[in-house]
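Right, one structure below, let's go through it.
The values are calculated or read from the model by the stated rules, or taken from the named source; none is laboratory data. The structure displayed is predicted, hence computed values, not measured ones. For neighbour counting, all protein chains shown are included, and Cβ atoms are generated from backbone atoms with ideal geometry for every residue, glycine included.
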């Protein structure tokens, strides 16, 4: 079965971990027996936050990005398009991308007659596919952006999401909570399909018995500041506790300033964005993965840590962490924004190394049972076949 995957988020030359989950799912589907090619919606307009004097160079880098790459055996075409700023026009980005995507899909179909288009998120990917007029069944994977960002903030975006969900042969959600949200946005029978991780064959030696880690883009919703404040609350009870922050983003300067203000500079490492294998290896050397983020549809980073026998802490009431907790043990949930509760949970887990190790064993069992890329690949191929009527 030949499948064209259309996505906004996918690894790029200057950001090799962007949308790594979409790439890994493509690889998993390929390993399960599908033939896949990926079309990435590659916006060539620098983000609005780019300083004015740096915009020409940023635009040039975007325009010079290779049009075609092969990543881990997956052929990838970067479809260039332009659109107005995200804050005011994101709901319409599918319309802006539709014409170049349509040309790319028609060229692809002539040499690779795909039977299915698999779009990651309704806006802009699925909306652009529908506007391009491609006459094959459409599968949409929902990862939360439509639910948490686009539908509440963009009237035209909500209409595009509802139209796309209504036209799709199948809507796949990364957690049962997101599936319910998709149903509210017009998806007839959304289904939960878990993303996954590779399973390391053995434990990675720990760098320290009290090292915390977060792997995430540095943005407010990930709530790194809560972890820093929890570390300050525990400064006397846990004087040897450390915090490793893997990732980069617009919040970095503010978080570094907060770290200095709290007197934690000698106990916090901002490692920046690391290549994915290195990020995994360093995270799995930690004692506890902590990411009390909100608007968390799934959270592959939790699963990646838990696969390495590292227990996790997530936020109560979020679809992704709730899904992990529903499927098994290995994750603890705390109310978002409750720093004292977060500190008490961290303290309680670190206080008993044997219990923490046993919790890590259960975390690994949860991932082995429900969250591997091999299982995701099989389920993805089965969804393709169902959508194609096979």
- Among (1) over 22 Å from the mean Cα position of the chain (by Cα); (2) within 13 Å of residue 214 (Cα to Cα) - the single one residue 272 does not satisfy: (1)
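So that you can scan it fast, the table gives a plain yes or no per residue for (1) closer than 17 Å to residue 272 by Cβ; (2) surrounded by 15 or more Cβ atoms within 10 Å (Cβ to Cβ); (3) not assigned by TED's automatic domain parsing to the domain that holds residue 317:
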residue: 204; (1), (2), (3): no, yes, yes
residue: 215; (1), (2), (3): yes, yes, no
residue: 233; (1), (2), (3): no, yes, no
residue: 237; (1), (2), (3): no, no, no
residue: 240; (1), (2), (3): no, no, no
residue: 247; (1), (2), (3): yes, yes, no
- Query: Does any residue of segment 57-64 turn out to be in contact with a helix residue (DSSP H, G or I) (Cβ under 9 Å, 6 or more places away or on another chain) and more than 21 Å from residue 248 (Cβ to Cβ)?
  - Reply: no
- Search result, residues across segment 217-250 that are in a loop (DSSP other than H, G, I, E, B) and closer than 22 Å to residue 316 by Cβ: 217, 219, 223, 234
- Item | Which numbered condition residue 258 misses (of (1) out of contact with any helix residue (DSSP H, G or I) (no Cβ under 6 Å at 6 or more places or on another chain); (2) assigned to a helix (DSSP H, G or I); (3) surrounded by fewer than 19 Cβ atoms within 10 Å (Cβ to Cβ)) | (1)
- Query: Looking at segment 320-333, which of the residues that are touching a helix residue (DSSP H, G or I) at 6+ places or on another chain (Cβ under 7 Å) and surrounded by fewer than 24 Cβ atoms within 10 Å (Cβ to Cβ) is nearest to residue 175 (Cα to Cα)?
  - Reply: 322
- Item | Within segment 16-53, tally of residues that are free of Cβ contacts under 8 Å to residues at least 60 places away in the same chain, in contact with a strand residue (DSSP E or B) (Cβ under 7 Å, 6 or more places away or on another chain) and in a loop (DSSP other than H, G, I, E, B) | 2
- Task: Kindly indicate whether residue 117 is crowded, with 22+ Cβ neighbours inside 10 Å and within 19 Å of the chain's Cα centre (by Cα).
- Result: no
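Is it fair to say residue 125 is farther than 20 Å from residue 165 by Cα and at pLDDT 95 or above? So that I can check it myself, show each step before the final result.
On the way: farther than 20 Å from residue 165 by Cα: no; at pLDDT 95 or above: yes.
So residue 125 fails the test.
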- Residues of segment 334-348 being buried (at least 20 other Cβ atoms within 10 Å of the Cβ) and in contact with a strand residue (DSSP E or B) (Cβ under 9 Å, 6 or more places away or on another chain), which ones? 334, 336, 342, 346
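Quick check on segment 55-67. Is at least one of its residues assigned by TED's automatic domain parsing to the domain that holds residue 104 and crowded, with 17+ Cβ neighbours inside 10 Å?
Applying the first criterion (assigned by TED's automatic domain parsing to the domain that holds residue 104) to segment 55-67 yields 55-67.
Okay, now just the ones that are also crowded, with 17+ Cβ neighbours inside 10 Å, so 62.
Yes: segment 55-67 contains one or more residues that are assigned by TED's automatic domain parsing to the domain that holds residue 104 and crowded, with 17+ Cβ neighbours inside 10 Å.
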